[in-house]
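Asks: Below you will find the structure I want to go over with you.
Every read-out reported here was derived from the displayed coordinates using simple, explicitly stated rules and does not represent laboratory data. In this text, all values refer to a predicted model and were calculated from it rather than measured experimentally. Cβ: placed from backbone, ideal geometry, glycine included. Neighbour counts: every protein chain shown.
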Amino acid sequence: PAAAIGLAPSAAAAGSGDLAHDAADLVARRDRTFAEVQEHYYDAPPRIERGWREHLVGTDGRVYLDMVNNVTPLGHGHPGLAAAVAKQLRTLNTNSRFNYGAVVEFSERLAAMAPDPLDTVFLVNSGSEATDLAIRVTLAATGRRDVVSVLEAYHGWTYASDAVSTSTADNPNALASRPDWVHAVEAPNPFRGRYRGDEAARYAPEAAERIRELAASGRPPAAFIAETFYGNAGGIPLPDGYLAEVYAAVREAGGLAIADEVQAGYGRLGQWFWGFQQQGVVPDVIAVAKAAGNGYPLGAVITTREIAARFRTQGYFFSSTGGSPASSIAGLTVLDAFRDDGLQRNAADTGAYLKSRLEALAERHPLIGAVHGLGLYLGVEFVRDRATLEPATAETAAICDRLLELGVIMQPTGDHQNVLKVKPPLVATRESADFFVAMLDRVLTEGW
Ligand code: PLP
């Protein structure tokens, strides 16, 4: 990628000692200050100074291909975004209470993006706030206290979003510390969940039955919350008809359906909300964030006027910086770039190309148990044995470390930490896809 963007060639392949020196210093300082560096997977994290499109440049001049960044659909160092936010910060940036034009316009465009009848928007700062608020909206709108979530899910770190986060990869105590108002149903993973292949049709009736049981026991749920594309395990579409059946059950019980679109939504799958669109359903409440501000803090809850009105009777919603003028300008600039630069089309096209190349790689490397996903949200799952699906956890970590040396930033995910979740910025080119495949091929061929 270095040549493609006119920068000095990556020194990564040479294996310079500078990185280790810098990283050791960084890790020591991190540990001294107890600073929780986000997603600090690497023992020797690269020290990144700047970025351009899907490329990152270290302080030592090395260039990396960023294959794990679903926060920046426009890529790094987007000049239009920087200029728009800077201009806004110079003129006015205050809380969203002032209804500055950008705040209203951004809300209108989010409402237009969402399916009917979802037309009411609450702006917040992050994905955790969005899912947390989505839950609070449903609790207030129904006057209930119980929520149904799926196992192996991650929805955020704030109180309510953390409570419904059942993934033990993100929090080893997730299940033990779950409050009694959270009821988890089986993870609808057709690849390695309890029911596989055709058997996956059993997840939905089981979840629906659990919801009916709760209602019959006097604790009807306020909501069912789930990602509409099974993200944590590496980007696996839900079984056909899953959401239709589970949403119907929760609604019959008087509850609401929350779609967590923080990660899979906002165009990454080739359409704004492919996850629930593909399932042929419309949720009652949608949570978005991550991509919305291209790294600038911005999230939103989108719901119906009627549900929003019921929520408002229970209290007052206000977020000092949620949807501030600068965040809203960032949000509008991102939406303009999606429209003008064809980012959804690129996600679909480059994603399909990359997936086919990874599938070809799987034919030569038995460690690849499956290539999951859609658009630019793919999962490469490593297994020791394709029949037993024994997760290749240690191998995945070692492969990521080797990929870093070769100039590709990647990290293991999933409850078994055996999946490469491939999520480059949506501006990623075929050349970058080729580079990633070539480096992965090299690691799998030469060893790690
Ligand atoms: N929901 C999903 C599906 C996520 O993947 C995440 C973050 O990884 C969140 C919610 C929380 O978002 P944030 O980290 O912006 O608080």
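Asks: Hey, what do the phi angles of the stretch 185-202 turn into as Karplus ³J(HN,Hα) couplings, whole Hz, using 6.51/-1.76/1.60 and θ = phi - 60°, x for Gly and Pro?
Replies: In residue order, the calculated couplings are 9, 3, 5, x, 9, x, 8, 9, x, 4, 10, 10, x, 4, 4, 4, 4, 7 Hz.
Asks: What full-extension length gain, to one decimal in nm, is calculated for THR313 and GLU199 as 0.36 nm per residue of separation minus the Cα-Cα distance?
Replies: Contour length minus Cα-Cα distance gives 36.7 nm.
Asks: Separate question: Using +1 on the beta carbon of Lys and Arg, -1 on that of Asp and Glu, and nothing else charged, what's the dipole of the stretch 304-400 about the Cα centre, debye to 20?
Replies: Around 360 debye, computed over the stretch 304-400.
Asks: Roughly what % antiparallel, to the nearest 5, for the DSSP beta bridges in the stretch 243-380?
Replies: Beta bridges within the stretch 243-380, antiparallel portion: roughly 75 percent.
Asks: If I model a spin label at THR429 and THR321 as a point 7 Å from the Cα along the Cα→Cβ vector, what separation in nanometres do I get?
Replies: Distance between the two pseudo-spin positions: 3.5 nm.
Asks: If contacts are Cα pairs under 8 angstrom and at least 6 residues apart, what is the relative contact order of the chain in percent?
Replies: About 21 percent, as a whole number.
Asks: Looking at the stretch 110-252 only, what percent of DSSP beta bridges run antiparallel? Nearest 5 please.
Replies: 10
Asks: Give me, ordered by chain and number, the residues 5 or more places off ALA153 or on other chains with an amide H under 5 Å from its own placed amide H.
Replies: Amide H to amide H, under 5 Å and 5 or more residues apart or across chains, ALA153 pairs with THR166, SER167.
Asks: Give a quick list of chymotrypsin sites (Phe, Trp or Tyr not before Pro) in the stretch 275-337 that DSSP marks as loop, anything other than H, G, I, E or B, with at most 14 other Cβ atoms within 10 Å.
Replies: Filter output for the stretch 275-337: TYR316, PHE318.
Asks: Shifting gears a bit: When ranked by the protection proxy of mean other Cβ atoms within 10 Å per residue, highest first, what sequence do the peptides 206-217, 288-299 form?
Replies: So the peptides 206-217, 288-299, ranked by packing, come out 288-299, 206-217.
Asks: So, one more: Grab the other residues whose beta carbon is less than 13 angstrom from that of ALA83, score K and R as +1, D and E as -1, and report the net.
Replies: +1
Asks: Now for a different question. Along the charge dipole of the chain, pointing to its positive end and built from +1/-1 on Cβ of Lys, Arg, Asp and Glu, which listed residue (THR304, PRO425, GLY267) has its Cα farthest out?
Replies: It is THR304, whose Cα lies furthest towards the positive end.
Asks: Give, as ranges by residue number, the residues of the stretch 313-328 whose backbone N falls under 17 Å from the point 7 Å along Cα→Cβ of VAL104.
Replies: Label zone hits: 323-326, 328.
Asks: Tell me the net charge near ARG430. Cut-off is 10 Å between Cβ atoms, ARG430 excluded, with +1 for each Lys or Arg and -1 for each Asp or Glu.
Replies: After counting each charged neighbour, the total is -2.
Asks: Once every DSSP H run of n ≥ 4 in the chain is given -39500 (n - 2.57) and the sum is divided by its residues, what mean residue ellipticity at 222 nm do you get, rounded to the nearest 500 deg cm²/dmol?
Replies: Using -39500 (n - 2.57) per qualifying helix, the result is -12000 deg cm²/dmol.
Asks: For the stretch 201-295, what is the percent of antiparallel DSSP beta bridges, rounded to the nearest 5? Walk me through the numbers before you get to the answer.
Replies: Details: 1 of 9 bridges.
Percent antiparallel among DSSP bridges in the stretch 201-295 is about 10.
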